Amino acid sequence: QVQLVESGGGLVQPGGSLRLSCAYSGFTLDYYNIGWFRQAPGKEREGVSCISSSNRGTYYADSVKGRFTISRDNAKNTVYLQMNSLKPEDTAVYYCAAVRGFLTAIQAMSFMARGSGSWGQGTPVTVSS
């Protein structure tokens, strides 16, 4: 069974950093693409970042490019989202999702944005002084 569990969220000051973790089971990254999404109160869900199967490529939303980095640790069955230079507008619940297929990162992001794949329950991030 495919499962994803997010962790690492919390309260951080503007300009600070957090590292989110997405621990997965039931699949390998040879065949699955992992994406990060976020949703703030009153706003629609938006794609943040994605790493394609077999680490063939990555995607970053313009709003986080240069500040966030997605990576994986196969030995720990975990995908990370390192978030630096955090801004109040980064405040949201962050979700990870997985979709199977030989896809580019942006293609995988598109499928997940439509609700495809498996999803975790989310971890909240609050950026405030």
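All told, residue 5 falls short of being open to solvent by less than 10 Å² (accessible area, probe 1.4 Å), modelled with pLDDT of 95 or more, farther than 23 Å from residue 129 by Cα and assigned to a strand (DSSP E or B).
Looking at residue 62, is it open to solvent by 40 Å² or more (accessible area, probe 1.4 Å), in a loop (DSSP other than H, G, I, E, B), in contact (Cβ under 8 Å) with a residue 24 or more places away in the chain and of a type in the set (D, E, K, R)? Explain how you work it out, then say what you get.
On the way: open to solvent by 40 Å² or more (accessible area, probe 1.4 Å): yes; in a loop (DSSP other than H, G, I, E, B): yes; in contact (Cβ under 8 Å) with a residue 24 or more places away in the chain: no; of a type in the set (D, E, K, R): yes.
Answer is no for this residue.
Taking the numbered list (1) touching a residue at least 24 places away in the same chain (Cβ under 8 Å); (2) open to solvent by 20 Å² or more (accessible area, probe 1.4 Å); (3) closer than 24 Å to residue 3 by Cβ in turn, residue 104 passes all entries but (3). A single entry from 129, 54, 116 fulfils the requirement of being in a loop (DSSP other than H, G, I, E, B) and either open to solvent by 50 Å² or more (accessible area, probe 1.4 Å) or modelled with pLDDT of 95 or more (or both): 129.
Is one or more of the residues making up the stretch 68-83 out of contact with any strand residue (DSSP E or B) (no Cβ under 6 Å at 6 or more places or on another chain), open to solvent by 10 Å² or more (accessible area, probe 1.4 Å), part of a loop (DSSP other than H, G, I, E, B) and in contact (Cβ under 8 Å) with a residue 12 or more places away in the chain? Spell out the reasoning first.
Keep residues of the stretch 68-83 that are out of contact with any strand residue (DSSP E or B) (no Cβ under 6 Å at 6 or more places or on another chain), which gives 73-76.
Filter once more, so that each one left must be open to solvent by 10 Å² or more (accessible area, probe 1.4 Å): 73-76.
Applying the additional criterion that residues be part of a loop (DSSP other than H, G, I, E, B) yields none.
Looking through the stretch 68-83, none of the residues is out of contact with any strand residue (DSSP E or B) (no Cβ under 6 Å at 6 or more places or on another chain), open to solvent by 10 Å² or more (accessible area, probe 1.4 Å), part of a loop (DSSP other than H, G, I, E, B) and in contact (Cβ under 8 Å) with a residue 12 or more places away in the chain.
The values are calculated or read from the model by the stated rules, or taken from the named source; none is laboratory data. Computed from a predicted structure; not experimentally measured. Glycine gets a Cβ as well: all are built from the backbone with ideal geometry, and neighbour counts include every protein chain shown. The area values use the complete protein model at the heavy-atom level, side chains included, leaving out ligands, DNA and RNA. Shrake-Rupley method; radii C 1.70, N 1.55, O 1.52, S 1.80 Å.
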